[in-house]
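The values are calculated or read from the model by the stated rules, or taken from the named source; none is laboratory data. Note that this is a predicted model, so its numbers are computed, not measured. Reconstructed Cβ throughout: ideal geometry from the backbone, glycine too, with neighbour counts over all protein chains shown.
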Amino acid sequence: MADSPQHSFEVRGHGPPSVVRCDRGFSAQKAVSVLLGGIERRAFPGASFAAFKDDRVVMQAALGTFTYSADAPAIELATVFDLASVTKVVATTAMAMLLYDRAVMVLEHRLVDVVPEFAGKDERRRQVTIEMLFSHSSGLPAYVPLFKQTQNRDELLNLAAQAPLQTDPGTHAEYSDIGFILLGELLNRIAGSSPDRFCATQIFAPLRMSSARFCPPAELRGSIPPTLDDKTFRHRIIQGEVHDENASLMGGVAGHAGLFSATDDLMKFAACMLGHGPQLFRPETIELFTRRRSTPPGTSRALGWDTPSAPSQSGKYFSPRSFGHLGYTGTSLWIDGERRIAIALLTNRTWPDNQSQIIRQIRPMFHDAVMEALTRR
């Protein structure tokens, strides 16, 4: 990515100063104001964001603190967050794209051919393809709290493989964590390598993504904002370990959640998807995986990725050639292939108890503010 002169400044108000960096000619003032307003409303205690345009990162900011405590550490530009379901695209889908390019994964192949335990008395299960899992049209349920039924990773995978279909395969789009849990295991078997090891060596290292990882080591956990004061399952503050309970029971490595990263590394990944820097995927593969599917009718899904559909959490300015994903902890990555723009927003909106939904109001306003700043020139 190209370098460009930047100016850096602090925004002072309540709490610690916010750090903002912008290329000259761009203004982050409105976007920062939106997020500071979110912090004031307790949508999240802290946030970090970055924006990429054309061939470089042109805007970054770190706002707020780890928690709402007066003595909480300040968010920094390099702060790492739990990405939650953004894992589905930056790790799981990226892994699948590489395996697809290497002709060792075929989208039309059936899940039962790789994960035979998925087969059952319901003959419809044999119709479920890898492609259906990535497009969230397999018929599997959106979410099942499998962690309540077992304390064993292998048993959890077996329970996921036995989850009953809610609809006929290929007829309805229903976002499914269960489908991505099974995709993580499927890719593990195809590659002969777990997603964390595969991504570390085949994706993160080539792109020089130094903060992106599953299962941060103990010495780094204190530098990661906590996501939950868990009083029902793990009975401790969740900090530097995956928020999602099903992923936690799987050891922190799963197809649907578990990846941690700072915004800088998400910008490196986005640059790759936009054709800048080291190239991991064929352009045709990027187009295939990020293009909105034509079936089932009414779907907004691509393969792994989502696309904007009004009203969208990406706001109103992303073009039809855009793709992105949200994460439950308050994270998102959106990439506009037409305008050559990417925006990553990381928060811990789930602190302390998962209850705040204010981010749903803040996030589209934030994206609109950034897009206006990037396209006004």
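Numerical summary
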| read-out | value |
| --- | --- |
| Lone qualifier among D55, D101 - being under 30 Å from E185 (Cβ atoms) and of a type outside the set (V, I, T) | D101 |
| Selected residue [under 21 Å from A72 (Cβ atoms), surrounded by 17 or more Cβ atoms within 10 Å (Cβ to Cβ) and of a type in the set (A, V, I, L, M)] from L228, L182, L207 | L228 |
| Scan of region 175-190 for residues that are polar (S, T, N, Q) and under 17 Å from the mean Cα position of the chain (by Cα), ordered by number | S176 |
| Pick from region 83-130, criterion crowded, with 23+ Cβ neighbours inside 10 Å and outside any helix (DSSP H, G or I), ranking: farthest from the chain's Cα centre (by Cα) | V128 |
| Which numbered condition A47 misses (of (1) of a type in the set (A, V, I, L, M, F, W, C); (2) part of a strand (DSSP E or B); (3) surrounded by fewer than 16 Cβ atoms within 10 Å (Cβ to Cβ); (4) at pLDDT 95 or above) | (3) |
| Tabulated pairs, region 101-130, first modelled with pLDDT under 95, second crowded, with 16+ Cβ neighbours inside 10 Å, C-beta under 6 angstrom, 6+ apart or interchain | none |
| Segments classed as helices (runs of 4 or more DSSP H), wholly inside region 152-257, with at least 1 members that are within 27 Å of H136 (Cβ to Cβ) and at pLDDT 95 or above | 153-161, 177-191, 195-199, 245-249 |
| Test: residue in region 276-284 that is among the polar types (S, T, N, Q), without any contact (Cβ under 8 Å) to a residue 12 or more places away in the chain and in contact with a helix residue (DSSP H, G or I) (Cβ under 8 Å, 6 or more places away or on another chain) | yes |
| Selected residue [more than 14 Å from V90 (Cβ to Cβ) and of a type in the set (A, V, I, L, M, F, W, C)] from A200, A212, A163 | A163 |
| Some residue of region 239-249 being touching an Asp or Glu at 6+ places or on another chain (Cβ under 7 Å), hydrophobic (A, V, I, L, M, F, W, C) and closer than 18 Å to T65 by Cβ | no |
| Subset of region 334-363 that is buried (at least 18 other Cβ atoms within 10 Å of the Cβ), part of a helix (DSSP H, G or I) and not basic (K, R) - its residue that is nearest to the chain's Cα centre (by Cα) | I359 |
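Residue-wise test of (1) over 17 Å from the mean Cα position of the chain (by Cα); (2) crowded, with 16+ Cβ neighbours inside 10 Å; (3) at positive phi.
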{"position": "G192", "(1), (2), (3)": "yes, no, yes"}
{"position": "D196", "(1), (2), (3)": "no, yes, no"}
{"position": "Q202", "(1), (2), (3)": "yes, yes, no"}
{"position": "F214", "(1), (2), (3)": "no, yes, no"}
